[in-house]
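Scroll down for the structure; my scribbles are underneath it.
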Amino acid sequence: MPERLSAREALALVTDDFTELPGLPAARSGPNGLLGWTGYDASRARATAGTGETESVVVGRGTVGSTPAVLIAFEFGFLGGSLGERTGDRLETAHTYARAHRLPVVSLVATGGSRMQEGMLALTQLQRVARQSALTRAAGLAQLAVLRDPTTGGGWATLGAGADVVLALPGAQVGFAGSRVRPPDADPAAYTAEAQVAAGTVDAVVPHGELRAAVGLWLGLLAAPSAEPAPVPRALGAADLPATGWDAVRRARDPGRPRARAYLDAYFTRRAALGGDRGGGRDTDGMLCGFGSHDGRTIAYAAQTGTATRPAGYRTAARLIRLADALSVPVLTLVDTPGAANDAEAERQGVGAAIADLFTAVATARTPLTTLVIGEGGSGGALALAAPDNTWATPDSYFSVIAPELAAAILKRPADQVRATADQLCVRPQDLVALGVVRGIAGERTILPPPPG
């Protein structure tokens, strides 16, 4: 079993200047709680004597890295870190303070769920927490959760899973069902932080000694809105333009061509990655998403890696764009895929719905989007990631309604007509500029399109 930290020990992992919020509300219920649960007052008194806390959460403010934030820390030693009426009061106070002072919220969660001694009144605190989280998100303020051991029940389903970015300590028990209520034959490995990372619901597992730096990096990136679009990255590959359509396709498919990671390394001085789609999937081999720093500005990124994009990749990109939109952070997308994954498993995972959702996220984003096609632009699986009015291309890329081989097959042309079909599809970067599909060609010097008319 991993080490269970107290609330104060957890706070010390991320900040040195924690100060509790003043004027926390007092309890509103009578002796032994609203239900008159025999022995409840005595249990609370013992919890206070054992932990030094008067409730299951400690709330205050402190600086993490260089970013001031509101901090919420659960004390599992106080009635299992359970959520009751007074817990809800404190959580609401924390979010209200965060909005009033324009601060992000960091929740260090360790809870067994709702407090039995308060019955349905305890359960309804989840609605209060969800509303406060929604109000804070609507205010454009970031929310980050760190999952400690254990994080289960309503605390996981609100403060934990509902945060914008979710980190976890190694080996932490994480799951909606706590150890005493899950099926007796359930695999315990499924209820761990590591399993939740694999399922796309937790972004990363972070060791204790690295937590302060990780939280500080995330807060520094998420708390820096900007109204200006992301600059177009410099092209890293070939500088000359392809002579034919097939030349464009061949160069984009060259295994030695620079890929997404090379572009991200060249563009950002530091970055932090989102790890999943929040729906049970990850496609970290096919879609890289996160936030980074470019020339002192925060820019969100979603980058295809040159493989067929899986449904989870599209859902993660949609999550990234919606989060960046809520925080007023500009977005850079890098298009590079032969197309969406089209195998049977991709269909079972809802590839069509995932692409549709990404199209919607792009179409409705208020924050500016910039797109660079860095390799293959294969059909709708590539177009879904492209900004409708601010897409650029590198000299070693192409964009096509469909791959030339597939176009020839659909048109019932022989294999020797594939190259001619590529020319007819007008897939070269310069063709795309002439058609108005892309704004220009990125290079050491960006090649601007001709003026309209």
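The values are calculated or read from the model by the stated rules, or taken from the named source; none is laboratory data. The structure displayed is predicted, hence computed values, not measured ones. Cβ coordinates were reconstructed from backbone atoms using ideal geometry, including for glycine residues, and neighbour counts include every protein chain displayed. Heavy atoms of the whole protein, side chains included, go into the accessibility calculation; ligands, DNA and RNA do not. Shrake-Rupley method; radii C 1.70, N 1.55, O 1.52, S 1.80 Å.
Some observations on this one:
- Filtered by the rule that a residue be farther than 26 Å from V433 by Cβ and not in a loop (DSSP other than H, G, I, E, B), region 245-281 gives R261, D265, R270, R271, A272, A273, L274.
- Against the conditions (1) of a type in the set (G, A, S); (2) touching a helix residue (DSSP H, G or I) at 6+ places or on another chain (Cβ under 8 Å); (3) free of Cβ contacts under 8 Å to residues at least 60 places away in the same chain; (4) surrounded by fewer than 24 Cβ atoms within 10 Å (Cβ to Cβ), S66 satisfies every one except (3).
- Residue check for P188: under 30 Å from L11 (Cβ atoms) and modelled with pLDDT of 95 or more: no
- Among the residues of region 81-116, the ones that are touching a strand residue (DSSP E or B) at 6+ places or on another chain (Cβ under 7 Å) and either open to solvent by 10 Å² or more (accessible area, probe 1.4 Å) or not in a helix (DSSP H, G or I) (or both) come to 18 in all.
- Scanning region 293-306 for residues that are touching a Phe, Trp or Tyr at 6+ places or on another chain (Cβ under 8 Å), among the small types (G, A, S) and either more than 26 Å from S226 (Cα to Cα) or surrounded by 21 or more Cβ atoms within 10 Å (Cβ to Cβ) (or both) gives A300, A303.
- Of the residues making up region 56-80, those that are hydroxyl-bearing (S, T, Y) and part of a loop (DSSP other than H, G, I, E, B) are S56, S66.
- Only one entry of G162, G154, G119 meets the criterion of being open to solvent by 10 Å² or more (accessible area, probe 1.4 Å) and either in contact with a helix residue (DSSP H, G or I) (Cβ under 7 Å, 6 or more places away or on another chain) or in a loop (DSSP other than H, G, I, E, B) (or both), and that entry is G162.
- All positions within region 134-164 that are charged (D, E, K, R) and more than 20 Å from D325 (Cβ to Cβ): R148, D149
- Residues of region 260-276 that are closer than 28 Å to T201 by Cβ and either touching a Lys or Arg at 6+ places or on another chain (Cβ under 6 Å) or open to solvent by 70 Å² or more (accessible area, probe 1.4 Å) (or both): R261, D265, R270, R271, G276.
- Filtered residues of region 55-72 (kept if under 22 Å from the mean Cα position of the chain (by Cα) and over 13 Å from A223 (Cα atoms)): L71, I72
- Top-ranked residue of region 377-389 - restricted to ones that are assigned to a loop (DSSP other than H, G, I, E, B) and among the small types (G, A, S), ranked as surrounded by the most Cβ atoms within 10 Å (Cβ to Cβ): A384
- Restricting attention to region 192-212, the residues that are farther than 18 Å from R282 by Cβ, assigned to a helix (DSSP H, G or I), open to solvent by 30 Å² or more (accessible area, probe 1.4 Å) and not acidic (D, E) total 3.
- If you go through region 307-342 and pick out every residue that is within 13 Å of the chain's Cα centre (by Cα), open to solvent by 10 Å² or more (accessible area, probe 1.4 Å) and farther than 19 Å from A161 by Cβ, you end up with 1.
- Region 282-312: number of residues that are closer than 22 Å to E376 by Cα and either touching a helix residue (DSSP H, G or I) at 6+ places or on another chain (Cβ under 8 Å) or of a type in the set (V, I, T) (or both): 21
Okay, residues lined up against (1) over 21 Å from A324 (Cβ atoms); (2) surrounded by fewer than 23 Cβ atoms within 10 Å (Cβ to Cβ); (3) not β-branched (V, I, T):
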residue: A363; (1), (2), (3): no, yes, yes
residue: I374; (1), (2), (3): no, no, no
residue: T391; (1), (2), (3): no, no, no
residue: Y398; (1), (2), (3): yes, no, yes
residue: I410; (1), (2), (3): yes, yes, no
residue: A415; (1), (2), (3): yes, yes, yes
residue: V427; (1), (2), (3): yes, no, no
residue: V433; (1), (2), (3): yes, yes, no
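- Any hit, region 28-51, residues being in contact with a helix residue (DSSP H, G or I) (Cβ under 9 Å, 6 or more places away or on another chain) and within 26 Å of T136 (Cα to Cα): yes
- Matching residues in region 213-226 - criterion: being in a helix (DSSP H, G or I) and closer than 18 Å to I299 by Cβ: L217, W218, L219, G220, L221, L222
- Candidates P242, P170, P233, P229, filtered to the one that is assigned to a loop (DSSP other than H, G, I, E, B), in contact with a strand residue (DSSP E or B) (Cβ under 7 Å, 6 or more places away or on another chain) and open to solvent by less than 20 Å² (accessible area, probe 1.4 Å): P233
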